[in-house]
Amino acid sequence: MHLKPEELPARLGDLRPVYLVCGDEPFLVEEAVARIAAAAAAAGIGEHQRFFLESGFSWVRFREALSSPSLFAARSLYELRARESRETLGRELPPCLPLIAPGEVLVVVVGALDRAAQKAAWVEAVAAAGHVVVATTLSGERLFGWVRGRLREVGIVDEELARRISYCTEGNMGAAVDAITRLQTEPHPNAEALEAILGDEARFDVFAVTDVALKGDLAATHRYTDRLRTEARDPILVSWALARELRLLSRIAFYQAKKAPLADLFRRERVWPARQALLLAAARRLSAGRLRRLLLHCAELDRINKGRAVGDAWVMIERVAMGLAGMPGEGGARE
């Protein structure tokens, strides 16, 4: 059976002999593996053996491990990690499945599999004997639903809070879970508490850069980008956050030029009222032409991040962030 990560917990009461966990969202992949391991331990499986499909790996020894009882525990959980070895898995994994002893579990962890790969014979063999968990990156309404569900799991029922978290942490599932975990400790887990969590200056959060830039605070924008650089944060996430705000500002400019109702845009983009005011203030400060130039810088930044262009990603990040904040000059404030 093929499952989404959020469907897995309900299925772990009936532990299956084999699981395939695949996807392009590392946080959800690792969480799924951890949940399977926890369910196995709760079911009395006392040993966790890990294998890595890399140079020196022996399928003969792996099959021997599956077919031989452990000397240290009555039952074992076998974890096999294989990143880019689909052809090998397609050939070698199916013969391993009948070797899994009753009461034992095999978890195979791979990277992302496209739809065609998910229909491969070896994947279907796993699905027939157990479960295939596909952990893809969440966005839009699906991310909102996931965050809302996570909040309800810890006793927080707040639709607006769920929308704020999904908006501010889209692209970083770990950040979303961290925000929810920290909200649990708050006496009043509301929008104000979330704003304090996400905007904590001591953490110099990635999303704080976009917030101070939208406010037009040049000094804070420079300080935040410089701190993120010295902390060796991931430039890809910072780049994504800046590009997202610029694309949204460009859509706002387009709607305003056409005299179309912005309420429709804000509802579709899941922008809450307080952030609408922040975006509108930035839109008044930045012309459509300047926004287009900043988006061109973002495109160049994307090429640098992917190794398709030469340049310093952080130099370009600061250029874009300062332009968004309204620094005079190319890509800066409205003329």
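Condition first: farther than 20 Å from residue 30 by Cβ and either in contact with a strand residue (DSSP E or B) (Cβ under 9 Å, 6 or more places away or on another chain) or among the polar types (S, T, N, Q) (or both). Now tell me which residues in the range 129-162 satisfy that.
Residue satisfying the conditions is 129 alone.
Can you tell me how many residues in the range 18-67 are closer than 16 Å to residue 100 by Cβ and polar (S, T, N, Q)?
2
Does residue 16 meet the test of being part of a helix (DSSP H, G or I) and open to solvent by 60 Å² or more (accessible area, probe 1.4 Å)? Quick ask: steps written out before the conclusion?
Working: part of a helix (DSSP H, G or I): no; open to solvent by 60 Å² or more (accessible area, probe 1.4 Å): yes.
The answer is no for residue 16.
When you check residue 320 against the structure, is it open to solvent by 80 Å² or more (accessible area, probe 1.4 Å) and of a type in the set (A, V, I, L, M), yes or no?
No: the conditions fail for residue 320.
Scan the range 74-104 for residues that are open to solvent by 70 Å² or more (accessible area, probe 1.4 Å), basic (Lys, Arg) and under 26 Å from the mean Cα position of the chain (by Cα) and jot them down.
83, 86
It is to be established whether one or more residues within the range 55-65 are of a type in the set (S, T, N, Q), out of contact with any helix residue (DSSP H, G or I) (no Cβ under 7 Å at 6 or more places or on another chain) and touching a residue at least 60 places away in the same chain (Cβ under 8 Å).
There is no residue in the range 55-65 that is of a type in the set (S, T, N, Q), out of contact with any helix residue (DSSP H, G or I) (no Cβ under 7 Å at 6 or more places or on another chain) and touching a residue at least 60 places away in the same chain (Cβ under 8 Å).
If the requirement is being in contact (Cβ under 8 Å) with a residue 40 or more places away in the chain, touching a Pro at 6+ places or on another chain (Cβ under 6 Å) and of a type outside the set (D, E, K, R), which of these qualifies: 37, 32?
When all the criteria are applied, what remains is 32.
Of all residues in the range 92-129, which are touching a residue at least 12 places away in the same chain (Cβ under 8 Å), assigned to a helix (DSSP H, G or I) and not small (Gly, Ala, Ser)?
Once the filter is applied, which keeps residues that are touching a residue at least 12 places away in the same chain (Cβ under 8 Å), assigned to a helix (DSSP H, G or I) and not small (Gly, Ala, Ser), the range 92-129 yields 92, 94, 95, 96, 97, 99, 118, 122, 123, 126.
Please go through (1) of a type in the set (Phe, Trp, Tyr); (2) at pLDDT 90 or above; (3) under 16 Å from the mean Cα position of the chain (by Cα) for residue 122 and return the number of the only condition it doesn't satisfy.
(3)
Quick one: what pairs do we get from the range 305-325, first residue without any contact (Cβ under 8 Å) to a residue 40 or more places away in the chain, second open to solvent by 10 Å² or more (accessible area, probe 1.4 Å) and assigned to a loop (DSSP other than H, G, I, E, B), C-beta under 9 Å, 6+ apart or different chains?
Hits for this filter: 319/327; 319/330; 323/329; 323/330; 323/333.
Any chance you could count how many residues in the range 225-238 are surrounded by fewer than 23 Cβ atoms within 10 Å (Cβ to Cβ) and touching a residue at least 40 places away in the same chain (Cβ under 8 Å)? Explain how you work it out, then say what you get.
Taking the range 225-238 first, the residues surrounded by fewer than 23 Cβ atoms within 10 Å (Cβ to Cβ) are 226-227, 229-237.
Okay, now just the ones that are also touching a residue at least 40 places away in the same chain (Cβ under 8 Å), so 226, 229, 235-237.
Total satisfying the criteria: 5.
Can you say whether residue 284 is among the charged types (D, E, K, R), at pLDDT 90 or above and more than 23 Å from residue 206 (Cβ to Cβ), as far as the supplied structure shows?
The answer is yes for residue 284.
Looking at the range 141-185, which of the residues that are within 12 Å of the chain's Cα centre (by Cα) and of a type in the set (Gly, Ala, Ser) is most open to solvent (accessible area, probe 1.4 Å)?
So, considering only residues that are within 12 Å of the chain's Cα centre (by Cα) and of a type in the set (Gly, Ala, Ser), the one most open to solvent (accessible area, probe 1.4 Å) is 171.
Which pairs turn up if I take residues in the range 173-188 that are touching a residue at least 60 places away in the same chain (Cβ under 8 Å) and at negative phi and look for partners that are of a type outside the set (A, V, I, L, M) and not in a helix (DSSP H, G or I) with beta carbon separation below 9 Å, at least 6 apart in sequence or on another chain?
So the pair list comes out as 173/25; 173/137.
The values are calculated or read from the model by the stated rules, or taken from the named source; none is laboratory data. None of these values were measured; they are calculated from a predicted model. In this analysis, Cβ positions are derived from the backbone assuming ideal geometry, glycine residues included, and neighbour counts consider all displayed protein chains. Surface accessibility is based on the protein's heavy atoms, side chains included, excluding ligands, DNA and RNA. Shrake-Rupley method; radii C 1.70, N 1.55, O 1.52, S 1.80 Å.
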